[in-house]
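I have placed the structure first, in the form of structure tokens, so that the comments after it can refer back to it.
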């Protein structure tokens, strides 16, 4: 079971302060089952004056919920909760969601969601949309929740912090969330870095990913292009060159280091089609074939449009390298 509990029971404690003073223990409600409506009685345990520690016993362990000062714990109807419109996370892995649903059915929810009260007995999610979605798909009627007042200025920040702590945002979602925080609340990069515990260069470099062409951004969002590759592409000024190199990265599985070298060499992508006579370029493949035949090993040539580049020669061992060097430079006397 432990292998299926990825991400459960982590994150909330780091984002919510422990209430001071005496803490009282209480049961967190009945265990959710596979049938709707069995997740709890709907009672609330106020914590505004003292802070309350709520323990939920599972088959294998006991997880304690700590409710901060000014908040309370409740078993809320799922249909009374509205998703956070500022949720920075847009992609929810179906496989991970299925694992969470199975875990909830087996042992219950190990970590309550966090909501803020609205009018007419309705609530808005602050943290825990994946848990809320899992409860909905599982057919449960209620969900354990910590209810607390949260200002609009903190809503996106709290949702962002939870997802950053759980490493569930892709680089593009993270960049969009940073940008939204800066635009909505007038933060500087330094102020945002202090508020969410990230370095200013990390925030600035992540936001720069939004300058990439849409075709490249879609590859980052889909997970076929890493954040490291994307940052390396920012070294190219021409969007078409960025798109061409991104396609080359995916097709050939280039490393970040190789991409950085191609960028430093002034990668321009495929030659643009122009009217008139087409200037013939050098036949690199012929040179590679000759090099491989002479050295009896695999070789590659990386070159810019101006002809600047480098030669890569593979070797299998130190002795193989010595053989290649002797072939090129002659045996050592």
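What follows draws every value from the coordinates through simple rules; no lab data is involved. Remember, predicted model here, so these are calculated numbers, not experimental data. All Cβ positions, even for glycine, are placed from backbone atoms using ideal geometry, and neighbour counts span all protein chains on display.
Using R0 = 45 Å, the C-beta based FRET efficiency linking residue 328 and residue 91 works out to 0.35.
Determine the shape class of the range 213-269: with a ≥ b ≥ c the square roots of the Cα gyration tensor eigenvalues, call it rounded for a/c under 1.5, and otherwise prolate if a/b is greater than b/c, oblate otherwise. Please list the in-between numbers first.
Details: a/c = 1.61, a/b = 1.23, b/c = 1.31.
In terms of gyration-tensor shape, oblate.
Ellipsoid fit via the Cα gyration tensor, the range 186-239: semi-axes of 24, 12, 10 Å, each the root of five times an eigenvalue, largest first. Projected label points at residue 256 and residue 306, each 7 Å from Cα along the beta carbon direction, are separated by 2.7 nanometres.
Can you put 297, 142 in order, fewest other beta carbons within 10 Å first?
Numbers: 297 17, 142 24.
If I rank by nearby Cβ atoms, fewest first, I get 297, 142.
Would you kindly state how much longer the chain becomes between residue 208 and residue 98 on full extension, computed as 0.36 nm times their sequence separation minus their alpha carbon distance, in nm to one decimal? Please report the intermediate quantities before stating the final value.
On the way: separation 110, 0.36 × 110 = 39.60 nm, distance 3.39 nm.
Between residue 208 and residue 98, full extension yields an extra 36.2 nm.
Residues 122, 257, ranked from the fewest to the most other C-beta atoms within 10 Å, line up as 257, 122. Put in line by how crowded their Cβ is, counting other Cβ atoms within 10 Å and starting with the fewest, 296, 320 read 296, 320.
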